[in-house]
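Colleague: After the C-alpha cells below, expect a handful of questions from me.
The values are calculated or read from the model by the stated rules, or taken from the named source; none is laboratory data. Everything quoted here is computed from the prediction, not taken from an experiment. Backbone-built Cβ (ideal geometry, glycine too); neighbour counts: all protein chains shown.
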Amino acid sequence: MEQKIAVKVDDLTVAYNYKPVLWDIDLEIPEGVLMAIVGPNGAGKSTLIKSILGILKPIAGSVSIYGKSYEKQRSLVAYVPQKGSVDWDFPTTALDVVMMGTYGSLGWIKRPGQKEKKAALEALEKVGMLPFKNRQISQLSGGQQQRIFLARALVQNASIYFMDEPFQGVDATTEIAIINILKELRKAGKTVIVVHHDLQTVPEYFDWVTFLNVKKIATGPVKDIFNDDNLTKTYGINYKVSIQE
Amino acid sequence: MSNAQIEIQLIASLVAIACAIPGTFLVLRKMAMISDAISHSILPGIVIGFFITQDLNSPLLIFLAALTGILTVVLVEYIQKTGLVKEDTAIGLVFPTLFSIGVILIAKNANDVHLDVDAVLLGELAFAPFDRLLIAGIDIGPKSLWIIGSILIISIILLFAFFKELKVSTFDTGLAASLGFSPAIIHYGLMTVSSVTTVGAFDAVGAILVVALMIAPAATAYLLTNNLKRMLIYAVCFGVFSAIAGYWLAHWLDASIAGSITTMLGLLFLMVYLFAPNKGVIAVLYREKQQRTEVSLLTFLLHLRNHNEEEERHVNHLNEHINWQKVRSKTVLELALKNNMIGIENNIVSLTEKGKDFTSQAIDYIITNEDAQIEHMKDDFFLFRG
C-alpha cells in the first residue's frame, strides 16, 4: 500500500523575517496514511502545512503532490485551517461555510448552484450537523464549528486532507466523531495529514507520524518510530519521565 | 423640489451606495481605518492631477488619486511588515504625511483656483449641480453625477462577479489561498475599488464624510443581520436614507449638507445600537436579566429535587434557604408555576413531572456539555443559548 507517494517535500526552508521556522525539510508521505505531525509550540507544524499548500512562500525547496506542483493539483487537496484563524462573528450560516468548500472546483466568478448545495448538505449530514445548517456560525459551539470546517473539507471530495489542529478546543464526543470520519477517509484510500497536540492519542488515532521541531526529526509508521527516543529528540526533555509522572 | 435639489440628493444617494459596497467588506475585514487613510492620502494625487489637467473631474486626476490610495495601502503594509510598529501606528504614520504633502502643494500653488482645504475636508455638495457635463453643447447633467454613477456601475459589476471570492477571502484567507483565489489579488482589488470610490465621492462629500459613508452604514447593518447579502442591502439602504434625510436636515437648519448627512449616519447607528433585536444594548441587557432569572430558577428546581423534607420546601423558607430577596423568590416561583414545573399545596412546593424532567436534562447538560440534548429547550430558555 505504501508504494505511491502522495506528498513529497524537498529541502524546504521557510523563514519569517529571515528567521528560519522550517529548516531543510525532506518528507515523503505515502498515499493512504493517516498521519500526525507532532512537535512543540513554534516547531513549524502549521507552517509546514501552509507551505505545502502554497499559502506561504518558502525561501528554498519544493513541494509536489502526486509528482506535480500544488498549483496543478489543487483539486486533489482539501485544507482545514485552525478554528481560531477565522472570525466566527462573520455574517454567514453553517451551510454557507460548507458551500465554500465547493468554490475551488467552481473557479473564479462562477456561482454555486443546486449541485453544490446538495453536496454541502450531504457533508453536513456526515458530520451530524444537518439540523444546524441555517444557524449563524457564532451560535455554534467550538466542537460544532470544527465539524463545520470538517464538512467543508469533505465537500471538496479531495484525495489528500490537511488539518491544522482539528481537535483543539472540542468536546470528547466531537473528537471521537472527527477521528471516526478521518479513519473512514483513510479506509477510502485518502491521505490525511493532521497537526496534532495530544501525544497520548497518537498511537490510537494514527498509523503514521512525523516528528518536527524546525528540522524534521523522524517520519514513519507509528508502531516503528513513536518511541521515547524520538519524543525526547523532538521535545528536548526526557519524555519517558514526563509521561510517567 | 427644484432640479438642483433633486440632483444633489441623487448624487448623495449614489455616493452612499458606492461607499456602502466596499465599506461592508472593509468593516468585515477589520480595515475600517484604511478607508480613513485612503480618503486623506489621496489628496496629493488630486492636487497633482489638478495641476496637470486643471479639471477636478478629469479621469487622469481620478487615476492619479486612486494610485495614491493604493500607494497608501502598500506603504502601510510595508511598514507593518518590518515588525517594528503595529498596523494602526503604520496607518497613523502614512496618511498624515501624504495628506500634508497635499496641503502644502495646495497652499504653495493653488491659491487662485477652485481647490481649498475646506472643500477637501467637507466637500461642496451644494455646488455639485453647477458643474455640468456638456456633450456637443447639450447639458446632460452634473459631472459629479456621471462620475460617481460610472464608478458605482463598475463596483456593482465587480461585486456581482466576485461576490463569492470576496466572501471566502474575507472569512477565511487560508482557505481562499488554498483554493487558488489569491487573497492578494482580492485585497488589492478591494483597495482599488475603495480608492476609486473615495476619489469619486471626494469632490462631492469631502474626505471626512467619505469615511463616514463607508463605515457607518456597514457597521449599522452588521448589528441587524447574520447574512452577508442582507448586510450589503441594509448598508446601501442606510446610506441612501442618511443621504436624503441629511440633505433635508441641512436644508431645514441651513447648514452643511456633508455635516448633516454624517449626523444622520451617527444618529441611525445610535438608534440601531440601542434597539437592534439581538445585538442591541437593550436586547443584551434584557437577555442578561432573563439569564439571571433562569439560573435562579434552575437553582430553585435543583434545591427542590435534592430535598424531600417539607420544611425545606415551604414557600416562606425559600427566602432563608436559598438566600434570596423576596422579590426574586416571587419572580422565580411565578416563573416555575407558569411553566408547570412546580405545584404548591398548603404552601409546600413540589416538582411536577415536567419540572423533574427539565431539571434532569439541565443537569445532564451542565455535566456533559452536550448541545444535542437541549436543542429543543433553547427556544424556551435563554440560559442555554450562550
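Colleague: Report yes if B:Tyr234 is crowded, with 17+ Cβ neighbours inside 10 Å and not aliphatic (A, V, I, L, M), otherwise no.
Modeller: Numbers: crowded, with 17+ Cβ neighbours inside 10 Å: yes; not aliphatic (A, V, I, L, M): yes.
Taking the combined requirement at face value, the residue satisfies it.
Okay, residues lined up against (1) surrounded by 15 or more Cβ atoms within 10 Å (Cβ to Cβ); (2) at pLDDT 80 or above; (3) away from chain A (no Cβ under 14 Å); (4) in contact with a His (Cβ under 9 Å, 6 or more places away or on another chain):
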residue: B:Asn339; (1), (2), (3), (4): yes, no, yes, no
residue: B:Asn347; (1), (2), (3), (4): no, no, yes, yes
residue: B:Leu351; (1), (2), (3), (4): yes, yes, yes, no
residue: B:Lys354; (1), (2), (3), (4): no, yes, yes, no
residue: B:Ala362; (1), (2), (3), (4): yes, no, yes, no
residue: B:Glu375; (1), (2), (3), (4): no, no, no, no
residue: B:Arg385; (1), (2), (3), (4): no, no, no, no
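Colleague: Quick one: is A:Thr173 surrounded by 14 or more Cβ atoms within 10 Å (Cβ to Cβ), at pLDDT below 90 and either assigned to a helix (DSSP H, G or I) or under 15 Å from the mean Cα position of the chain (by Cα) (or both)? Please lay out each step first, then the result.
Modeller: On the way: surrounded by 14 or more Cβ atoms within 10 Å (Cβ to Cβ): yes; at pLDDT below 90: yes; either assigned to a helix (DSSP H, G or I) or under 15 Å from the mean Cα position of the chain (by Cα) (or both): yes.
It is true that A:Thr173 is surrounded by 14 or more Cβ atoms within 10 Å (Cβ to Cβ), at pLDDT below 90 and either assigned to a helix (DSSP H, G or I) or under 15 Å from the mean Cα position of the chain (by Cα) (or both).
Colleague: Pick from A:Ile176, A:Ile160, A:Ile137, A:Ile109: which is free of Cβ contacts under 8 Å to residues at least 60 places away in the same chain, of a type in the set (A, V, I, L, M, F, W, C) and more than 30 Å from B:Ala235 (Cβ to Cβ)? Talk me through it step by step, then tell me what you get.
Modeller: Details: A:Ile160 fails: free of Cβ contacts under 8 Å to residues at least 60 places away in the same chain; A:Ile137 fails: more than 30 Å from B:Ala235 (Cβ to Cβ); A:Ile109 fails: more than 30 Å from B:Ala235 (Cβ to Cβ).
Criteria check complete, one pass: A:Ile176.
Colleague: Of the residues B:Ser195, B:Ser242, only one is at pLDDT 95 or above and closer than 19 Å to B:Ile17 by Cβ; which? Steps first, answer last, please.
Modeller: Numbers: B:Ser195 fails: at pLDDT 95 or above.
Of the residues listed, the single one that is at pLDDT 95 or above and closer than 19 Å to B:Ile17 by Cβ is B:Ser242.
Colleague: Restricting attention to the range A:71-88, and to residues there that are facing another protein chain (nearest Cβ under 9 Å) and in a loop (DSSP other than H, G, I, E, B), which single residue is nearest to the chain's Cα centre (by Cα)?
Modeller: A:Pro81
Colleague: I need a count of the residues in the range A:180-195 that are in contact with a strand residue (DSSP E or B) (Cβ under 9 Å, 6 or more places away or on another chain) and farther than 21 Å from A:Ile65 by Cβ.
Modeller: Filtering the range A:180-195 down to residues in contact with a strand residue (DSSP E or B) (Cβ under 9 Å, 6 or more places away or on another chain) leaves A:182-183, A:185-186, A:190-195.
Now narrow it down to the ones that are farther than 21 Å from A:Ile65 by Cβ: A:183.
The total comes to 1.
Colleague: I'd like the full set of residues that are more than 18 Å from A:Val80 (Cβ to Cβ), more than 9 Å from chain B (Cβ to nearest Cβ) and among the basic types (Lys, Arg), limited to the range A:107-134.
Modeller: The answer is A:Lys115, A:Lys117, A:Lys118, A:Lys133.
Colleague: Looking only at the range B:157-172, how many residues end up being within 7 Å of chain A (Cβ to nearest Cβ), farther than 16 Å from A:Lys110 by Cβ and either in a helix (DSSP H, G or I) or touching a strand residue (DSSP E or B) at 6+ places or on another chain (Cβ under 6 Å) (or both)?
Modeller: The number of residues fulfilling the criteria is 1.
Colleague: Taking the range B:173-188 as the search range and keeping residues that are within 11 Å of chain A (Cβ to nearest Cβ) and in contact (Cβ under 8 Å) with a residue 12 or more places away in the chain, which one is farthest from B:Ile17 (Cα to Cα)?
Modeller: The extreme case among them is B:Phe181.
Colleague: Follow-up. What's the number of the only condition in (1) part of a strand (DSSP E or B); (2) at pLDDT below 95; (3) within 19 Å of B:Leu175 (Cα to Cα) that A:Ile193 fails to meet?
Modeller: (2)
Colleague: If I ask for residues that are charged (D, E, K, R) and surrounded by fewer than 24 Cβ atoms within 10 Å (Cβ to Cβ), which ones from the range B:203-230 would you list? Even if it seems obvious, please write down each step before you answer.
Modeller: As a first pass, look at the range B:203-230 and keep what is charged (D, E, K, R): B:203, B:229-230.
Once the filter is applied, which keeps residues that are charged (D, E, K, R) and surrounded by fewer than 24 Cβ atoms within 10 Å (Cβ to Cβ), the range B:203-230 yields B:Lys229, B:Arg230.
Colleague: Residues of the range B:67-113 being among the polar types (S, T, N, Q) and either crowded, with 17+ Cβ neighbours inside 10 Å or over 17 Å from B:His40 (Cα atoms) (or both), which ones? Reasoning before the result, please.
Modeller: The initial filter retains those residues of the range B:67-113 that are among the polar types (S, T, N, Q), namely B:68, B:72, B:80, B:82, B:89, B:97, B:100, B:109, B:111.
Within the range B:67-113, B:Thr68, B:Thr72, B:Gln80, B:Thr82, B:Asn109, B:Asn111 qualify.
Colleague: Of everything in the range B:233-278, what is touching a Gly at 6+ places or on another chain (Cβ under 8 Å) and free of Cβ contacts under 8 Å to residues at least 60 places away in the same chain? Give them in sequence order.
Modeller: B:Ala250, B:Ser260, B:Thr262, B:Thr263, B:Met264, B:Leu265, B:Val272, B:Tyr273, B:Leu274
Colleague: Is there a residue being away from chain A (no Cβ under 14 Å) and farther than 21 Å from B:Ile156 by Cβ anywhere in the range B:215-232?
Modeller: First pass over the range B:215-232, keeping only residues away from chain A (no Cβ under 14 Å): B:215-217.
Now restrict to residues that are farther than 21 Å from B:Ile156 by Cβ: none.
No - not one qualifying residue is present in the range B:215-232.
Colleague: Now, a different point. Which condition number in (1) surrounded by fewer than 21 Cβ atoms within 10 Å (Cβ to Cβ); (2) more than 7 Å from chain B (Cβ to nearest Cβ); (3) more than 20 Å from the chain's Cα centre (by Cα) is the one that A:Ile137 fails?
Modeller: Checking A:Ile137 against (1) surrounded by fewer than 21 Cβ atoms within 10 Å (Cβ to Cβ); (2) more than 7 Å from chain B (Cβ to nearest Cβ); (3) more than 20 Å from the chain's Cα centre (by Cα), the one that fails is (1).
Colleague: Let me ask something else about it. For B:Ile153, work out the one condition from (1) away from every other protein chain (no Cβ under 14 Å); (2) surrounded by 21 or more Cβ atoms within 10 Å (Cβ to Cβ) it doesn't fulfil.
Modeller: In the conditions (1) away from every other protein chain (no Cβ under 14 Å); (2) surrounded by 21 or more Cβ atoms within 10 Å (Cβ to Cβ), B:Ile153 misses (2) alone.
Colleague: Further, regarding this structure: Go through (1) out of contact with any Ser or Thr (no Cβ under 7 Å at 6 or more places or on another chain); (2) assigned to a helix (DSSP H, G or I); (3) aliphatic (A, V, I, L, M) and name the single condition B:Ile151 misses.
Modeller: It fails just one condition, (1).
Colleague: Still on this structure: Of all residues in the range A:38-75, count the ones that are within 23 Å of A:Tyr205 (Cβ to Cβ) and surrounded by 14 or more Cβ atoms within 10 Å (Cβ to Cβ).
Modeller: 13
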